[in-house]
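Accompanying notes for the structure given below.
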Amino acid sequence: MRARYGVPLTLTAVGAAGLAYAAGFEVRSFRLRRITVPVLPRGMRPLRVLQVSDIHMVSGQRKKQRWLQSLAGLRPDFVINTGDNLSDTEGVPEALDALGPLMEFPGAYVFGSNDYYGPKLRNPARYLIERVQGRHGLNGNAPAVGAVHNPWEELRDAFDAAGWVGLSNSRGRLKLEGIEIALTGLDDPHIKRDRYAEVAGGPESGADLSLAVVHAPYLRSLDAFTTDGYPLILAGHTHGGQLCIPFYGALVTNCDIDTDRVKGLSTHTAGGHTSYLHVSAGCGTNRYTPVRFACPPEATLLTLTARG
């Protein structure tokens with residue numbers, strides 16, 4: 001009996017323990033990533049940028065709310081929200097409550113597909129199939145049918161009222177005690193809402209620093225920003241792979257970026273230029289797949305320093 005059933009029972013036990021860890025502990029094991037990026041002009045003081053992404057708020061997620069609120073204690077110079085705040089049509093009040101203390105700081109935002117549309121139950125294996133076939137979101141897939149619409153306008157109005165700058169296919173500026181930050185953003189490439197032609201032209205003259213912001217780091221967007229000469233691009237969307245293999249990494253990115261750059265700081269080269277790229281692994285999950293493995297939920301504090 002041991003020879004016949006021992007291995008399957010052991011594998012079942014290991015799988016059950018891994019699932020319990022992924023759904024019961026790691027998905028709520030919130031972390032802060034700290035990185036330094038040398039992109040400022042010489043002589044300029046360092047700037048601390050807090051990036052939050054992929055919150056995917058569902059009603060009742062009190063620990064996530066409290067953790068996001070606590071990030072205000074970092075006292076960043078400004079906040080960048082790279083989208084996918086919702087995973088529940090009723091989640092707007094709790095998302096705004098969680099972000100309320102951060103909205104006291106200067107900030108900017110773009111939206112992701114889950115801000116606009118409610119999630120659907122999907123077979124996780126589809127992400128692997130889409131990676132092999134090169135199809136992600138509406139990029140090569142058929143248009144969504146019967147999608148649930150989220151009340152994203154309420155998020156937009158609250159962010160705007162707090163003074164955060166909306167960057168969906170638009171430009172904006174933040175002024176910080178004599179420092180002027182120019183921002184250029186795109187709407188979500190995952191659902192083909194990006195319109196780079198509307199913001200093309202590269203960094204603005206007269207600003208101390210220009211940054212690029214997008215939810216999903218599709219190569220067409222990264223190529224455009226980098227070719228135009230932006231020193232730093234901020235993105236989210238990937239969840240860092242969400243279910244990763246220890247000592248190996250992510251299996252999927254849910255877009256066309258490679259798995260080596262699924263989260264954290266890297267570089268991107270296009271058009272004879274190289275930009276820094278930071279992809280946040282985000283702090284939430286789709287409500288139908290509330291698990292993370294070898295990829296804890298996170299926010300990132302980026303310290304921008306002078307170029308060497």
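The values are calculated or read from the model by the stated rules, or taken from the named source; none is laboratory data. Note that the structure is predicted; figures quoted are calculated from it, not measured. Because the Cβ atoms are built from the backbone with ideal geometry, glycine has one as well, and the counts that use them run over all protein chains shown. The area values use the complete protein model at the heavy-atom level, side chains included, leaving out ligands, DNA and RNA. Shrake-Rupley method; radii C 1.70, N 1.55, O 1.52, S 1.80 Å.
What to note about this one:
- The chain, Rg to Rh (Cα coordinates; Rh as Kirkwood inverse mean 1/r): 0.99
- Over the range 231-308, accessible surface divided per residue gives 36 Å², non-protein components excluded, 1.4 Å probe.
- Among the chymotrypsin sites (Phe, Trp or Tyr not before Pro) found in the range 226-308, those both in a DSSP coil and sparsely packed, with 16 or fewer other Cβ atoms within 10 Å of their Cβ, are PHE247, TYR248, TYR288.
- Of the accessible area of the chain, computed with a 1.4 Å probe over protein heavy atoms only, carbon and sulfur atoms account for 56 percent.
- Pairs of Lys residues in the chain that lie 8 or more places apart, or on two chains, and have C-alpha atoms under 27 angstrom apart add up to 7.
- Excluding the site residues themselves, the longest part of the chain lacking any trypsin sites (Lys or Arg not before Pro) in a DSSP loop with at most 12 other Cβ atoms within 10 Å is 123-306.
- Per principal axis, descending, Cα span of the range 90-249 in whole Å: 50, 39, 36
- Beta bridges per DSSP with both ends in the chain, % antiparallel, nearest 5: 45
- At a probe radius of 1.4 angstrom, the accessible area of the range 98-187 per residue rounds to 48 square angstrom.
- Virtual spin-label span in nm between ARG45 and GLU198, 7 Å along Cα→Cβ: 3.6
- Amide H partners (placed H, <5 Å) of ARG33, local residues excluded: ALA299, THR300, LEU301
- At least 18 Å along the helix axis (C-alpha) and Kyte average at least 0.0, DSSP helices within the chain: 2-24
- Simple rule: put +1 on each Lys or Arg Cβ and -1 on each Asp or Glu Cβ in the chain, find the dipole, and look at GLY264, ALA306, GLY140; the Cα lying farthest toward the positive end is GLY264.
- Rounded to two decimals, the Cα radius of gyration of the range 172-270 over 2.2 N^0.38 Å is 1.17.
- Sum of -39500 (n - 2.57) over DSSP H runs of 4+, divided by residues of the chain (222 nm, nearest 500): -7000 deg cm²/dmol
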